[in-house]
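Remarks on the structure that follows.
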Amino acid sequence: MTATPTAPVGIPPAVTEETAPFWEAAAAGRLLVERCVRCEAESFPPYGMCRACRGRDVEHVEITGPGHVYSFTVNYQRWMPGLEVPYALVLVEFAGHPGVRVFGRLRGCPPQEARIGMAVEVGFEPGPGGYAVPSFIAVAAESAVPAEGAAGAERAA
């Protein structure tokens with residue numbers, strides 16, 4: 001079996017006023033997180049409200065890679081028809097964006113090669129309803145440079 005789904009699987013997202021900028025940017029291959037104008041806390045997924053101070057004045061900030069795997073799981077269970085297994089799901093954090101972690105499928109290596117601290121680049125793939133969803137592409141080990149301040153890089157050491 002292959003680790004690459006042949007068609008998007010799942011339920012399309014409910015696009016709201018708060019999440020629309022994220023989905024529009026995702027369609028263009030850009031990953032956005034929210035930053036509070038008042039306290040500068042960043043968060044993901046988009047919510048339209050600061051999770052730290054509850055302020056409603058948020059702006060969108062683009063995150064670029066590389067990121068580092070904070071946690072992962074390799075799934076062997078076919079949870080939905082059309083889902084090909086095995087596949088790895090990773091939780092990725094980015095230097096310069098404390099507290100922000102983004103979840104997505106790992107691509108570019110066999111699922112069994114997923115490791116905490118591994119470097120990944122931001123990518124997108126077709127998701128349910130035609131929406132682009134975040135995924136992450138493994139960076140070759142020889143070109144991976146740990147991001148300063150990335151907890152996954154510290155945990156892997």
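The values are calculated or read from the model by the stated rules, or taken from the named source; none is laboratory data. Just so we're clear, the structure is a prediction, and the values are computed from it rather than from any experiment. Because the Cβ atoms are built from the backbone with ideal geometry, glycine has one as well, and the counts that use them run over all protein chains shown.
State which residue is farthest from A132 (Cα to Cα) when the search covers only the stretch 72-114 and only residues that are touching a Lys or Arg at 6+ places or on another chain (Cβ under 8 Å) and surrounded by fewer than 17 Cβ atoms within 10 Å (Cβ to Cβ). Filtering first and then ranking leaves V85. Going by what's in this entry, would W23 be described as within 14 Å of the chain's Cα centre (by Cα) and not in a strand (DSSP E or B)? Yes, satisfied. Counting only residues that are free of Cβ contacts under 8 Å to residues at least 40 places away in the same chain and closer than 30 Å to V37 by Cα, the stretch 55-87 holds 8 of them.
The residues on offer are Y70, Y131, Y47, and the sole one that is modelled with pLDDT of 95 or more, of a type in the set (S, T, Y) and more than 14 Å from the chain's Cα centre (by Cα) is Y131. Of all the criteria given as (1) buried (at least 21 other Cβ atoms within 10 Å of the Cβ); (2) out of contact with any Phe, Trp or Tyr (no Cβ under 8 Å at 6 or more places or on another chain), the one not satisfied by G117 is (1).
Looking at G99, G67, G117 in this structure, which one is touching an Asp or Glu at 6+ places or on another chain (Cβ under 7 Å), at positive phi and not basic (K, R)?
Values: G67 fails: at positive phi; G117 fails: touching an Asp or Glu at 6+ places or on another chain (Cβ under 7 Å).
From the options G99, G67, G117, the qualifying one is G99.
For the criterion of being in the same structural domain as Y131 (by TED's automatic domain parsing), in contact (Cβ under 8 Å) with a residue 24 or more places away in the chain and among the small types (G, A, S), G10 fails.
Can you give me the number of residues within the stretch 141-157 that are assigned to a loop (DSSP other than H, G, I, E, B) and either among the hydrophobic types (A, V, I, L, M, F, W, C) or at pLDDT 95 or above (or both)?
Of the stretch 141-157, the ones assigned to a loop (DSSP other than H, G, I, E, B) are 144-150, 157.
Adding the requirement that they be either among the hydrophobic types (A, V, I, L, M, F, W, C) or at pLDDT 95 or above (or both) leaves 144-145, 147, 150, 157.
Residues that pass the stated criteria total 5.
Annotation note: of V90, V122, the sole residue that is in contact (Cβ under 8 Å) with a residue 60 or more places away in the chain, touching a Phe, Trp or Tyr at 6+ places or on another chain (Cβ under 7 Å) and of a type in the set (A, V, I, L, M) is V122. When each of E17, E40, E62 is tested for being out of contact with any Gly (no Cβ under 6 Å at 6 or more places or on another chain), at positive phi and either in a strand (DSSP E or B) or not basic (K, R) (or both), the lone residue that passes is E40.
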